Amino acid sequence: MNVILENFKQTRQVWAWAVIISLFLILIGHAPVLPIITGGLLAVLVTSLRALSHGQKKPWQTRMHR
């Protein structure tokens, strides 16, 4: 649970910019709502997953080399 909270703290700025850009595109640019919301959520999801996996060892780093 602590890892998830730390991840949300790290991606707070990404969430804020996703909301600002989405509102700008929808209200000023008259863009369709569903693709904009989906794209914003996808961008935040990818950023969150990258932040979560950043601290973990990669599978090729955990194997013992002969």
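The values are calculated or read from the model by the stated rules, or taken from the named source; none is laboratory data. The model shown is predicted, which means the values in this text are computed figures rather than measured ones. Reconstructed Cβ throughout: ideal geometry from the backbone, glycine too, with neighbour counts over all protein chains shown.
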Task: Condition broken by residue 61, with the remaining ones in (1) in a helix (DSSP H, G or I); (2) at pLDDT below 75; (3) within 16 Å of residue 7 (Cβ to Cβ) satisfied - done: (3)
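Any idea which of 45, 27, 41 is loosely packed, with under 11 Cβ neighbours inside 10 Å, in a helix (DSSP H, G or I), of a type in the set (A, V, I, L, M) and out of contact with any helix residue (DSSP H, G or I) (no Cβ under 7 Å at 6 or more places or on another chain)? So that I can check it myself, show each step before the final result.
Details: 45 fails: loosely packed, with under 11 Cβ neighbours inside 10 Å; 41 fails: loosely packed, with under 11 Cβ neighbours inside 10 Å.
The conditions single out 27.
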